[in-house]
Every structure is written in structure tokens, then in C-alpha cells.
Amino acid sequence: MKYSHAKRSLNRQLILLGALPAVLMFAGLMLFFTTARLSDAREDLFDSTQTLADNLAPALEYAVVSGNRSVVSQVLEQSMGRSNLEWIRVTDVMGKEMGFVGGPDYPRWPGQALESEEVERFSSEILQYPLDLAANDGTEWFETDYRLTGGALRVGTVEVAVSEQLLTERRSDILLTSGVVGISLLVFTLLLVNRMLAPVVEPIRALAAHLLDMTRREYREVEPTHARVAEIAELETNLNELARHLHQLKESRDQTLSLSESAREKAETASAAKSEFLAVMSHELRTPLNGVLAMVDLVAEEPLTPRQTDYLHTARKSTEDLLILIDDILDFSRLDQGKLLLESGHFNPAELAENCIASFRHTAEQAGLPLSLKLTGHWPDRPLLIGDAVRYRQVLACLLDNAIKFSDDGAITVVMDWHQESDDCVFLGCEVQDNGRGIPLEQVAQVFNSFEQLDGSLSREAGGTGIGLSLVQKLVELMGGHVRVATDIGEGSSFGFEVPFDVVSEQSPEQPEPLALTENAAGSRSGPNADGRRPPRALVVEDNPVNQRVARTLLERLGFDAEAVDNGREALQQVTSSAHQYTVILMDCHMPVMDGFEATEAIRDWERRQNVRQTPIIALTADALPHTESHCHKAGMNDYLAKPVRKHQLRTVLSRWVPL
């Protein structure tokens, strides 16, 4: 658990920083000088008392020698009245008291044993010194023979007593004066420090307010505070420069957003106008072209020379190509807008391929390119599928036309593969192989761009790739499949695609209703297994109903309890609200509302916040470009699987993350 400490203001911090050393130094000096003054006071008291005793001794010499007690008492009373002594006592050489004067507490000498410990005594000897006579004064009778010269003679003692109460009173006075002076100096120091910090703290507060305004996107310049500190003045200047720069960036961003919004609106308007234009022009152009074709047919019924017949055939072929191009442009526009809907009907894919190849056979033979159809896999006797036969034939026709256009010799082979995953689902693969010039590997991705020019010489011979391959990719993805390309320079190219279809059962009517596979989790197994254990749960996130049904069927065959949703938002809701965590998630990359990349990032973020185990997420995409897999891993997906999904491929990928 973290504890937050109270924040101190800068002013308080600086005052503390400036005053604390001064306070410590002041306290140390006050302690030193107070101790010194107390010691000096004690020494002064004791020295003055001793001096008084020393001065009294000579004054009492005559009175002691003569035994004049009245003089002794008079001298002692005068000395007592001019001092703060407790008592004064004089004794003779024999220790006999000659005089005593005491204060109110000592009317008589209490004696050595009864004297208070708080009283300090000082004494001085009363000495009698001999006369010092000159050598030539004729006083020989005062010489040593009469024993009157030599050292001083002690005749008595004077004792004085002083109370330490005087020292205590002096000590209190010293401490009081020192405290008053110290506190006064401390207050003065704090006021001085606070006054000196004002020119520093106030500009910093103004800078903090300026920064707060900038965080609120108020990029305005402020007037300088004329701070005396050079660094603060420089900081004010730099912040004003930053505010000016951010204001310019904000204005530039607003202008860019305004231009972007205007450009978006113009683009949307242009797109709508383009779509309307294409819709109108396709119909407007088709009417006269149909008239041209009709007139060509009428002229062909007349007797013509071989050259005229060839001219009419060329005109008819060019008109038909133009009609196909108009249809492709219209389909491409509908695909961009998401308005192209797939039809659902019964068709025989083998017969469809034979009919399509037959329509191109004459053109291919004229170019010296034999056309052939090869069927692989376990084809049933009556291969009937449910799907959009027109769009499937359109894709095959585009690939055949592209192969013929870019092949100079060799042969063109159409290989169709029947791979049945279950009783009601089949993957129909189609591959168009040619012996043309081939495509450089670094330009493979560009062939699916509309009207892309891959090479100068190649373009001069055969033009660009047109709109056909771009339309092929979009149509195949719409049907739930993906396009693959294999090429070798000088050897030829191979364009293939694989699409899942429902198989027509024997009980199916001749013309069923369109597919409606939006029941999501309907039909999925949710109960426990025979051994009482709940099967592993799988979530299929796919917007295409056919792909959704295929993925669920494959997962159920692998022992999973499969559920399905139509977009990333629904997947996020399922994951976050489900009582039991999913074992694996199959995530389509491109979906409406919320795509697979955004949904994966949201799921990973939720797992981190909830501190739960990461669910393996396997990407499903029809985009087979090299960068797609790295993009999936960057978004947080664990693995990658290209559409259409085969059972053995799904098993291989799942076995890396889930025990099967």
C-alpha cells in the first residue's frame, strides 16, 4: 500500500532551507555565549567577594592588634551595608572571634557544621608588616638584634560568605535577555528570508499557472514578471516561445482539420457523383452499344467479302469488350460502396467452367494458345453447389482474359479442385495457368491495382492490367475466398482462387431460397460430452454467412462447442460478458462496425485489466500479402490462417495453441 506525503509549498521549502541553517547556527552560538556569560558571572561573583575579603584584611590590622572590637564592628557594618554578603566574621590569631556581622538570615555565626551548602566562604589573613626604615636614618636600635624586621606576622583572619542565590538570579537574567534577543533575531531572520524569497517564489507561481493554462490548450503569452533571478527570467522567455509555437501548431492543426473535413466532404460528394455518373453512363452507353451490335448482326446476314466479314467480327469483338468493361466498372463501383449483393442458386461448376472456356477458345486459338480444363479431387457424379454462378463465371472469365492477353505462346490450363470438408460444404478451387512472361515478385501486389502499369515494355505490348484483376480480388473476397498468385519470370504465371460453397443435398429443392446464415450460435453444441466434461468453447467472428457456417462446422468436427458473431463489437461483448472463457477465437480481419484488428486489441486490453489468461486468437483473412501476417501479430493475434479454411489447416494451427 502506498502512502502519499503532504505536499509543501515552494515558499515554505525555501524558508525552511534558508532558515534552518541559520537557526541551528544561532542556537549553537546562543548556547555557547550563554554558557560563557554564566561562567563569567560566577567567576565575577567569587572574584569580587575574595577581593572584598582581601581589602578588609589591611583595614582591620590595627583594630585586631589593638583589640578594639568597636572599630572592628564599625568596619564590618560599613562593608556589609555596601555588599550583598551573607555575613562577615573576624577572628584573632588564636581563632577567637573579634567581630561578626550577618544578614537577616544570619544574626549570629551559625558555626561550621550548620552553615548552608548554598553559601560560599572566602577568607583572607590579617597580617602585620614590620616598618621599613632607611639605612642612614640613625635608628640602629631597630635592627635584627631586636627581632623587629623580617616577614609579616599573622594577627588574625577575616571571613566573608556569599550566597549562590545571587548567582541564580543573575543566571535567570542572563537566560531571559539571551532568549529575548535570540527570538527577536530569529523572527527578524525569518521575515528577512521571506522578504528575499518573494522575488523568486512569485514568478515561479506565475510560471506554474501559465503551464496549467497551456495544459488546458490556452496557448497565450504572458507579461514577464521582471524576475531578478536570471534562470527564472530565461524560463519565462522559453515558456512564452513554447506558447507561441503551440499556438501556431494549433492554428495549423485547425486549418488542416478544416481542410481535411472539406476534402472529405468533397471526396464523399465526388464519390457519390462518380457512382451516380457510372450508373447513368453504364445504362446510357449500353443502349447505343446494343444498337451497334444489332446492326453488326444485320450486316453480317448480307453477302460479304472475307475482308468485310473480318472487319465486322473485329467490330463485334470490340463492342462486346467495351460492354464487359462497362459492366466491370459498374460492379467495381458497387463493390466500393458495399451495394453489390450475391445471388444464391444451384449450378454445376464443371459445366460452368466448360462453357466459360468455350467462349474464350476461339480467341485463344487465334493467339496460338490451346485451352484445356483439368478436374482434380473427388468429384461426385452430380456436382451441384449453391452460390452465385454469374459472379463465379465472371471471376474465371477475367482470369482467362488476363492469361490470354499476357501470353505469347505455350498453353493455358484451367485446373478445378473439389475438396469436400463435410457433407454439406465444399471448397472449390480454380487455378488458371499460363506460359506467359511472368511477373516480378516485387510487383505481384501491384497487379491487383486498377489499371496498374507494371513495366514499360510490357505495357506497350499489352497495356495495363485493367480493372479485371482488382475486380477479381474483391469478388472472391465477397464470396468468402482469397486469391493467390504464383509466378516465374519467363516461365509463366498462375492465378488461383478458392471459395467455400454449400453442397446441394438430394432433398434440396431445385431452386432454394437465398442463404440466411445469421443464427450465430444456433445449432452449436453447448452441453457436456459423454464423459460429463464440457467441450472446449470456440468463438467464430466472421461477417460472411457461408464462411461463418464453414468455420463452425469444422470446429464442431474437431470437438469444439462453436459460437459465431458477425463483427468485432459483438465478439468483444461475447468475450467480456461470457461466464466461461473461450478456448480459442477465430477472428476475421476485415468486418463492418469493428474489424478484427481493433477487436483483438480491445480483447487484449480487457484481459490485461481483468488479469485473466489470454485466449488464443487466430486470424482469418482473404488478404494473402506478405505484410498481413505481421500486422496480425502486431495487433495481438497469435496465429494466421488464410481463407478459405481447410480442415487439416485448421487442425494444424489449432494444435499449436489448444490440445486436440
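The values are calculated or read from the model by the stated rules, or taken from the named source; none is laboratory data. In this text the structure is predicted, and so the values were computed from the model without any measurement. Here Cβ is always computed from backbone atoms with ideal geometry, including for glycine, and neighbour counts include all displayed protein chains. The protein model used for the area step is the full one, side chains on, heavy atoms only, and it has no ligands, DNA or RNA in it. Shrake-Rupley method; radii C 1.70, N 1.55, O 1.52, S 1.80 Å.
Structure notes:
- Accessible area of region 537-656 belonging to carbon and sulfur atoms, whole % at 1.4 Å probe: 46
- The calculated Kirkwood hydrodynamic radius for region 537-656 is 14.1 Å, given to one decimal from all distinct C-alpha pairs.
- Estimated at the nearest 10 Å², the accessible area of Cys398 is 20 Å² with a 1.4 Å probe.
- Full extension of the chain segment joining Asn611 with Phe32 gains 202.0 nm, where the gain is 0.36 nm per residue of separation less the Cα-Cα distance.
- Both radii come from the Cα set of region 327-375: Rg as radius of gyration, Rh as Kirkwood radius; their ratio Rg/Rh reads 1.14.
- Rounded to the nearest 10 Å², the accessible area of Arg613 at probe 1.4 Å: 140
- For Met295, the solvent-accessible surface with a 1.4 Å probe is about 110 Å², rounded to the nearest 10.
- Sorting 370-381, 406-417, 552-563, 319-330 by their mean Cβ neighbour count within 10 Å, with the most densely packed peptide first, gives 552-563, 406-417, 319-330, 370-381.
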